[in-house]
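Visitor: What follows is a single structure, and I will ask about it in a moment.
The values are calculated or read from the model by the stated rules, or taken from the named source; none is laboratory data. Since we're looking at a predicted model, the values are computed, not measured. Counting neighbours? That spans all protein chains shown, and the Cβs are built from the backbone with ideal geometry, glycine included.
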Amino acid sequence: MIEPLLTPAFAVSVFAVTLGGIVRGFAGSGSGLVMIPLMSLVYWPPQALTIAILIGVVGGIQMIPQTVRHVRWRDVLPMAATALVAIPIGTTLLFLVDPEISRRSIGGLVLFSSIILLSGRTYRGPRNPLTSATAGVVAGLVNGFAGAGSVIPTLYFVASQERAVILRANIFTVVSIFIFITAIALAFRGTVTWETVTIAAALLVPYGITIWIGSHLFHRSSDRMYRLAVLWLLAAIGTFVAFV
């Protein structure tokens, strides 16, 4: 059972979850944007996505007490409901597309989001159940295919005028629901094996520690600092992945 942990691929994964944990603890999302492209370099893309999703399901539990009381459910629930339908469709696409195309698509999705953010373009239109549901469809397809669905709710929520604590809670809750639904879809696809579970379980320790570090950094930031940090973080991730 420990053989998958005695490989260079696992060492890369430890590095990936260390970065991903800090990102999720601070921003409420984005760990998949860090972990999946890096792990896709050493694992089959569906396997990399599965490991990251399993880590996300368990590792995010420690953030629930500090976020749940700040969630705006009127924005979160419509997005989660439509993603429930869209994520399995995205997961199906993952298994139909060539692995190399999948890996490059992950990087392209992140880079695209960074270009939008750097251009200063953010969503400033109406915010209602319909817009939230539409964002959920897009995010669900992206999350099921590449594990990068957190980009959409991050863009959608950060563009609002809510306080950072509410933005982070909304983003974390939506992304956690996405992760849970994707885990179920992947389980039906047969990618949840003893090997992936063993790797994910071993990575929970560094992931949990670095989530705590990221959460500590968040509580030391202001609303403006949080917005700027999240925007620049996504831009940096997109730039890095584009040149991997």
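Quick grid of which residues meet (1) among the charged types (D, E, K, R); (2) part of a helix (DSSP H, G or I); (3) within 20 Å of Ala16 (Cβ to Cβ):
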site: Pro153; (1), (2), (3): no, yes, no
site: Gln161; (1), (2), (3): no, no, no
site: Ile166; (1), (2), (3): no, yes, no
site: Thr182; (1), (2), (3): no, yes, yes
site: Thr196; (1), (2), (3): no, yes, yes
site: Ala201; (1), (2), (3): no, yes, yes
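Visitor: Could you tell me whether region 210-221 includes any residue that is part of a helix (DSSP H, G or I), closer than 26 Å to Ala9 by Cα and more than 16 Å from the chain's Cα centre (by Cα)?
Guide: yes
Visitor: If I filter region 124-143 for residues that are of a type in the set (S, T, N, Q), crowded, with 16+ Cβ neighbours inside 10 Å, at pLDDT below 75 and closer than 18 Å to Thr182 by Cα, do I get at least one hit?
Guide: Scanning region 124-143 turns up at least one residue that is of a type in the set (S, T, N, Q), crowded, with 16+ Cβ neighbours inside 10 Å, at pLDDT below 75 and closer than 18 Å to Thr182 by Cα.
Visitor: Another question, if that's okay. Test of understanding: among Ala164, Ala169, Ala187, Ala159, which residue is free of Cβ contacts under 8 Å to residues at least 40 places away in the same chain, over 16 Å from Val57 (Cβ atoms) and in contact with a Ser or Thr (Cβ under 9 Å, 6 or more places away or on another chain)?
Guide: Ala159 is the lone residue from the list that is free of Cβ contacts under 8 Å to residues at least 40 places away in the same chain, over 16 Å from Val57 (Cβ atoms) and in contact with a Ser or Thr (Cβ under 9 Å, 6 or more places away or on another chain).
Visitor: Sticking with this structure for a sec: Anything in region 36-53 that is among the hydrophobic types (A, V, I, L, M, F, W, C), crowded, with 24+ Cβ neighbours inside 10 Å and under 16 Å from Thr198 (Cβ atoms)? List them, or say none.
Guide: If the condition is that a residue be among the hydrophobic types (A, V, I, L, M, F, W, C), crowded, with 24+ Cβ neighbours inside 10 Å and under 16 Å from Thr198 (Cβ atoms), then Met39, Ala48, Ile51, Ala52, Ile53 are the ones that fit.
Visitor: Can you tell which of Val71, Val76, Val97 is surrounded by fewer than 21 Cβ atoms within 10 Å (Cβ to Cβ), of a type in the set (A, V, I, L, M), closer than 28 Å to Leu203 by Cβ and modelled with pLDDT of 90 or more?
Guide: Exactly one of Val71, Val76, Val97 is surrounded by fewer than 21 Cβ atoms within 10 Å (Cβ to Cβ), of a type in the set (A, V, I, L, M), closer than 28 Å to Leu203 by Cβ and modelled with pLDDT of 90 or more, namely Val71.
Visitor: So, Ile179, is that one crowded, with 22+ Cβ neighbours inside 10 Å and at pLDDT 85 or above or not?
Guide: The answer is no for Ile179.
Visitor: What pairs come up if the first residue lies in region 192-206 and is more than 16 Å from Tyr43 (Cβ to Cβ) and touching a residue at least 40 places away in the same chain (Cβ under 8 Å), the second is among the small types (Gly, Ala, Ser) and buried (at least 17 other Cβ atoms within 10 Å of the Cβ), and their beta carbons are under 9 Å apart, counting only those six or more places apart or on different chains?
Guide: Going by the 9 Å Cβ cut-off, the qualifying pairs are Leu204/Gly59; Pro206/Gly21.
Visitor: Right, something else. Can you tell me which residue in region 21-46 is nearest to Gly144 (Cα to Cα), limited to those that are touching a Phe, Trp or Tyr at 6+ places or on another chain (Cβ under 7 Å) and at pLDDT 85 or above?
Guide: The extreme case among them is Gly21.
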